[in-house]
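Working notes, structure below.
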């Protein structure tokens, strides 16, 4: 069977998944994404100097990509880890120095219980 035939058969069986992420915008308060963070990559800013991160996430609806802005990237850099599950909710804008505005986000992580360590006292023999 050729590669093309393999894909056609898999598509008919519902075994093909899109690997092309859909761009997601945060436009109004309450807009949210929820899923597994796969990666982030640095993108040069179109507004001049500097850069920001573009995130890739697996969600229930497929792969998505989005940005949060350089200020949020700096705040979250130490805590967002690929492979973890997150819900990110747009919380509007706030004014900062110089009359500028920055986007605010509420970020929650799914916390899994720590697995208990097995000690010699736990082994019955």
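Quick note: the coordinates plus some simple rules give every number you see, no bench work behind them. It should be emphasised that the depicted structure is a prediction, and the values quoted were computed from it without experimental measurement. Backbone-built Cβ (ideal geometry, glycine too); neighbour counts: all protein chains shown.
Within region 1-41, no residue satisfies the criterion of being without any contact (Cβ under 8 Å) to a residue 12 or more places away in the chain and closer than 27 Å to residue 111 by Cα. Here residue 45 qualifies as within 17 Å of residue 74 (Cβ to Cβ), in contact (Cβ under 8 Å) with a residue 24 or more places away in the chain and touching a helix residue (DSSP H, G or I) at 6+ places or on another chain (Cβ under 8 Å).
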